Each structure stands twice: as structure tokens, then as C-alpha cells.
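Colleague: Have a look at the structure that comes next, please.
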Amino acid sequence: MGSNPTFDGVSRQVEAHVIDRPHEAVEDFDLYGQTVVVEFVARLRGMVAYRGPEALVDQMRLDVIQAHDLLVRR
């Protein structure tokens with residue numbers, strides 16, 4: 001859990017990304033109202049304030065690749 005240093009005024013939250021679900025459209029994969037277990041296996045990076053949404057999205061793409069690689073090796 002952390003703050004959102006790139007966006008002022010956004011409350012603390014936890015966000016999870018579902019990896020390797022290529023056959024479902026995002027709008028068809030709705031987890032709202034569902035119980036989901038999230039297991040932390042490694043820390044990818046610390047809190048960073050990015051210079052806008054584009055830079056954050058670029059980093060998130062790299063994070064997904066790194067997380068996938070870590071999970072495949074487990």
C-alpha cells in the first residue's frame with residue numbers, strides 16, 4: 001500500500017494487475033464485488049513520482065514484464 005506521488009490528492013490504495021488473461025476483454029473481466037487473494041512475492045520498486053501519466057504507464061508496462069518474469073521463475 002502506498003500513496004500516489006504522481007497524482008496529488010488521491011487516497012492510499014492497493015492496485016493489483018492480472019497477468020496472462022489475453023482472451024478476455026477488460027470490460028468482460030470484472031472483479032468488483034469478488035473476493036480476491038493477492039500474494040506479495042517480491043518488491044519491484046519503491047515509490048516514485050513520475051512526470052505525468054505517460055511516464056507512469058511506461059513504468060507500469062516494465063513492472064508487468066518484471067513481475068511476469070519473477071512469477072514464471074517461481
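Only the coordinates and a few stated rules stand behind these numbers; no lab work does. Only a predicted model underlies this, so the values are computations on that prediction, with no experimental measurement involved. A quick note on method: Cβ atoms are made from the backbone with ideal geometry, for glycine too, and the neighbour counts reach across all protein chains shown.
Colleague: For helix 53-73, report the angle its Cα long axis makes with the longest principal axis of the Cα atoms of the chain; keep it between 0 and 90° and round to the nearest 10°.
Modeller: It is inclined by approximately 40 degrees.
Colleague: Further question: For the chain, what does the helix formula give at 222 nm: sum of -39500 (n - 2.57) over DSSP H segments with n ≥ 4, over the residue count, nearest 500 deg cm²/dmol?
Modeller: Taken over the chain, the calculation gives -10000 deg cm²/dmol.
Colleague: Also, quick follow-up: With a 10 Å Cβ neighbour count serving as the proxy for reagent exposure, in which order, fewest first, do Phe7, Phe40 appear? Mind dumping the intermediate values first?
Modeller: On the way: Phe7 12, Phe40 6.
In increasing order of surrounding Cβ atoms, one gets Phe40, Phe7.
Colleague: Give me the compactness ratio for the chain, meaning the Cα radius of gyration over 2.2 N^0.38 Å.
Modeller: Relative to the 2.2 N^0.38 Å estimate, the chain comes out at 1.23.
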